[in-house]
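**Student:** My structure is below; once you've seen it, I'll send some questions.
Only the coordinates and a few stated rules stand behind these numbers; no lab work does. Because the structure is predicted, anything quoted here is derived from the model rather than measured. Positions of Cβ are generated from backbone atoms using ideal geometry, with glycine treated the same way; all protein chains shown enter the neighbour counts.
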């Protein structure tokens, strides 16, 4: 775990918290904090990793999760679209043991698959956003148009049969990697296309954002993920961590950071993004940019401003020689399954420009990529922590709906959390009884049996008095 203290621009005042859980990833609700640090918690890798390996001809010598994983509530089934020699399909009852099926799509890469139960047309039940490289002129029954090279949308009745949807043009300028999802809160289709961009002396892999209300008309791309000075300043440290596997000597003239892809998790109050970080250390022996990858975390509350206060891997890198010590990929979305957030991921044991990318010696026996799983307990990305001596955290003024307060928190021996509700002048309106223990859903009880429902819709602040405690989120609930 890595601790930092990070500030952020505040939202409009009073902040509308509604009845949604509020995280501390961006500290947007923090007005002041004394003797409190914010701790980033990487995901926990599953002990059965890797879950999916390249073990049949269709897979080729590696498999990569540049696609999608969903849990289909209707069928009670996990579904995965992943990349081998083509786009492949697998299913699972528990998300751990996977059954592979036939090749589903050729000429489609990085396929983001969205199940749309609201669309009245069965032929459009599944919607797909993908990159089609060097399109060979694939024709689809009922669609005389030929698929175009670039970023395309398609539809499917079952997630296997496919038909081109954007028949007149591609949806935006293209690079190669693209990911997309349906934003349930905003009722928007959202995609992150890679668009090469001149940034501080280099033409870099960067990502923009485009949206659509109807899957037909898309907005113009707006930059969303562009490497900054802090990214480049951390490059050498990331390279050193992966030094034993790299196939190129460092070239300071080209050393830099780029973004390689974007996955997301739709939280109830924000969007958590998982940018794939590519750190270039030099040019490999086969002429390809070499360097390691890792997955970090970003957050946005409006899809316009993305904050990255923590620049550490959210999936720990494997040790040199382990299956996930090289490059990393994620699907378009993480999956919430019960009280667990599941981020499936693919990783290699070699760097981006390793000679195995062009030369077949050692493929599958020495060099390969596989798919695994990393998880968080619900909402436990970042905690506000205080020592035994105590600390306080006060939120900005907010309005809420609901009539009870719920905390996702853990206390150590002798620790506790007390909550005060303050008016805008700082006067205490209610004080809680001490909260102890480890729970995703502590229900706050109030001294003198105070009922807080009458304060709904009125500006208040929360003041947390923490002792030997970790506070992950708070939520006013119905």
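**Student:** Sorted by mean Cβ packing within 10 Å, highest first, what order do the peptides 230-238, 414-422 take? Let's see the in-between values first.
**Tutor:** Numbers: 230-238: 15.6, 414-422: 19.0.
Highest to lowest by the protection proxy: 414-422, 230-238.
**Student:** Taking only C-alpha pairs under 8 Å that are 6+ residues apart, what is the relative contact order of segment 379-455 in percent? Can you show the working numbers first?
**Tutor:** Details: 92 pairs, mean separation 23.6, N = 77.
Rounded, it is 31 percent for segment 379-455.
**Student:** Hey, fewest Cβ within 10 Å first, where do 442, 354, 46 land in order?
**Tutor:** On the way: 442 22, 354 25, 46 16.
So the residues, fewest neighbours to most, are 46, 442, 354.
**Student:** Right, another one. Suppose the chain between residue 477 and residue 160 were pulled fully straight at 0.36 nm per residue; how much longer would it get relative to their current alpha carbon spacing?
**Tutor:** Working: separation 317, 0.36 × 317 = 114.12 nm, distance 3.98 nm.
So the chain would gain 110.1 nm between residue 477 and residue 160.
**Student:** What is the order of 383, 439, 300, fewest Cβ neighbours within 10 Å to most?
**Tutor:** Working: 383 26, 439 14, 300 17.
In increasing order of surrounding Cβ atoms, one gets 439, 300, 383.
**Student:** Then there is this: State the extension gain, in nm to one decimal, for the chain segment bounded by residue 443 and residue 58, taking 0.36 nm per residue of separation less the distance between their alpha-carbons.
**Tutor:** Details: separation 385, 0.36 × 385 = 138.60 nm, distance 5.10 nm.
Separation in residues times 0.36 nm, less the Cα-Cα distance, equals 133.5 nm.
**Student:** With runs of 4+ DSSP H residues as the only contributors, calculate the mean residue ellipticity of the chain at 222 nm using -39,500 (n - 2.57) per run, divided by the residue total and rounded to the nearest 500.
**Tutor:** -500 deg cm²/dmol
**Student:** Moving to a separate point now. Ranked by Cβ crowding within 10 angstrom, fewest neighbours first, how are 378, 29 ordered?
**Tutor:** Values: 378 17, 29 23.
So the ranking, lowest neighbour count to highest, is 378, 29.
**Student:** Pop the C-beta distance of residue 364 and residue 169 into the FRET formula with R0 = 30 Å and round what comes out to the nearest 0.05. All intermediate terms of the calculation are to be shown ahead of the outcome.
**Tutor:** Details: r = 39 Å, r/R0 = 1.31.
With R0 = 30 Å, the Cβ-Cβ based efficiency is 0.15.
**Student:** I want to check the label-to-label distance for residue 186 and residue 424. Put each point 7 Å from Cα in the C-beta direction and report it in nm to one decimal.
**Tutor:** 2.9
**Student:** Now for a different question. Once you keep just the Cα pairs under 8 angstrom separated by 6 or more residues, what percentage relative contact order results for the chain?
**Tutor:** Values: 1303 pairs, mean separation 84.1, N = 478.
Result for the chain is 18 percent.
**Student:** Mind checking the full-extension length gain between residue 305 and residue 123? Use 0.36 nm per residue of separation minus the Cα-Cα distance, one decimal, nm. Intermediate results must be reported in sequence, preceding the final value.
**Tutor:** On the way: separation 182, 0.36 × 182 = 65.52 nm, distance 3.55 nm.
Extending this stretch completely gives an extra 62.0 nm.
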